[in-house]
Number of protein chains: 2
Amino acid sequence: MPLSTRTKSKAARPANLTDQIYERLKQEIFDFRLLPGDRFTESEVAWRMCASRTPVREALTRLRRDGFVEVLFRSGWKVKPFDFGQLGQFYDVRIVLELAAVERLCAMEQPPDLTDLKEQWLVPASGRETDGPAVCALDEQFHHRLVEATGNAEMARIHHEVSERIRVVRRLDFTKSRRIEATYNEHAQILRAVLRRRRDDARPLLRAHIEASKSEVMKITVHMLEEARR
Amino acid sequence: MPLSTRTKSKAARPANLTDQIYERLKQEIFDFRLLPGDRFTESEVAWRMCASRTPVREALTRLRRDGFVEVLFRSGWKVKPFDFGQLGQFYDVRIVLELAAVERLCAMEQPPDLTDLKEQWLVPASGRETDGPAVCALDEQFHHRLVEATGNAEMARIHHEVSERIRVVRRLDFTKSRRIEATYNEHAQILRAVLRRRRDDARPLLRAHIEASKSEVMKITVHMLEEARR
DNA sequence: CGGCAACGTCTTGCATACAAGTTGCCGATG
DNA sequence: CATCGGCAACTTGTATGCAAGACGTTGCCG
């Protein structure tokens, strides 16, 4: 896919080339088309993306700051390998942020509108999504929405960044139907507690929910790595 | 200061040009040599930094992601103006993170070594720093150290980023000796409570301490802006 | 005198050229 | 056969060239 064949859409400025490449690369990491530990060069990515090295470099620089890749001095780039300690720390940050969010939500004089969450999670079993990746995305949305609903955009932004960092392994939590079921039940419980403004009910439930997800993910990831090693 | 006169230090690779420029620009923002709202171009910065536009662009891109500057399409860059709502949100994030940190510190079976903090803040009035900017830096260190001591590096990193965002206005809290005194007293109180692992003492103290700083800073900033407007 | 349109300058976004340094292969040698 | 040295190909870091668009200015027309 040489550079010259790139079709330049003229309708509506197609955002930055840098942004596009940034998003595409990030998606490739999320989709495991780029695996942790994989090495690659700027020229190679530039060729694949039909662009020059300049926007590729800018995109990679951003991905590095986000913690997804690292650069080896004059020796290429590589996708950052898993770091269990770090993943655990991200989960703990999530717990801190989300517990604080729930605390706020329960204390707010004028609780925000959470109709969207009600319609998504307080439904009979027949209305539930069963596709793993789909539930995974919904789960991320649920938790993000809780933080967002407090009205603190910066906290929501930070929560989003943290969520992206654990997204690669998070999906592993939704490969068993048992876990999907548990997710629905627990979200419903948590949401009901928040709507009734029962801080002391909601917080332990939420903490247990995230901790369960964390330990499940850790377990599966270790298992996967062991299997890959064989 | 034309580009050609740049002296290339050959002893020990002088890190990246990009990193240097990034740090210098950030420092200029912190030092008010670049004021909120100031506009500038890449070429201008490149000339001042004795470099080409390339590393300048990379540095600016990073600063934009950090939230310090913004780019106007084909029309230059500018230092992001104050946003009181956002500043308040950053203070709230600090409260969330630091309260969680203190909670953890009080709950840890093997409390970490906080000798450095003791030596800095549990001292008689005679051993206290009185220089405003110096106390400001020490204050930031104190709060950061609390989070760092929990052992969660990611939480510490996030806390650091948040601290940098409020650093420009934070110093305003240390222009009155009354506030410096209060800082010493409150830090001492908080630290003693943490060392005695009195979670329920430490948390309200810390929250009040940060809230006081927040409201003081907001007050002074509004006052300054009003004065500048005249 | 006011409004407007065309033009020139300046800006960023992207591509390309060049410099400095790393890696790995390949051959020579003990 | 193992090891060491050197060279060549690559890779990132930096500088520069080029294009498209934004903004101000200026001159013309109503």
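The values are calculated or read from the model by the stated rules, or taken from the named source; none is laboratory data. If you're wondering where the values come from, they're calculated on a predicted model, not measured in any experiment. Cβ: placed from backbone, ideal geometry, glycine included. Neighbour counts: every protein chain shown.
Couple of notes before you dig in:
- Scanning segment B:150-190 for residues that are within 28 Å of A:G85 (Cα to Cα) and among the hydrophobic types (A, V, I, L, M, F, W, C) yields B:A153, B:M155, B:A156, B:I158, B:V162.
- Lone unmet requirement of (1) within 14 Å of another protein chain (Cβ to nearest Cβ); (2) more than 13 Å from DNA strand D (Cβ to nearest atom); (3) crowded, with 17+ Cβ neighbours inside 10 Å for A:W121: (1)
- Hits in segment A:124-149 (condition: within 13 Å of chain B (Cβ to nearest Cβ) and surrounded by fewer than 21 Cβ atoms within 10 Å (Cβ to Cβ)): A:E148
- Restricting attention to segment B:84-104, the residues that are more than 7 Å from chain A (Cβ to nearest Cβ) and either without any contact (Cβ under 8 Å) to a residue 60 or more places away in the chain or aromatic (F, W, Y) (or both) add up to 5.
- Test for B:S75: is it over 24 Å from B:L225 (Cα atoms), hydroxyl-bearing (S, T, Y) and assigned to a helix (DSSP H, G or I): no
- Filtered residues of segment B:43-57 (kept if within 27 Å of the chain's Cα centre (by Cα) and within 7 Å of DNA strand D (Cβ to nearest atom)): B:P55
- Matching entry among B:Q20, B:Q86, B:Q120 (being in contact with a Pro (Cβ under 9 Å, 6 or more places away or on another chain) and of a type in the set (S, T, N, Q)): B:Q20
- Answer residue from segment A:153-175, given it is free of Cβ contacts under 8 Å to residues at least 40 places away in the same chain and in contact with a helix residue (DSSP H, G or I) (Cβ under 9 Å, 6 or more places away or on another chain) and is farthest from the other protein chains (Cβ to nearest Cβ) among those: A:R171
- Test: B:F40 is outside the structural domain of B:R171 (by TED's automatic domain parsing), aromatic (F, W, Y) and either within 15 Å of DNA strand D (Cβ to nearest atom) or surrounded by 15 or more Cβ atoms within 10 Å (Cβ to Cβ) (or both): yes
- When residues of segment A:62-77 are limited to those that are within 20 Å of the chain's Cα centre (by Cα) and surrounded by 15 or more Cβ atoms within 10 Å (Cβ to Cβ), the one nearest to DNA strand C (Cβ to nearest atom): A:R62
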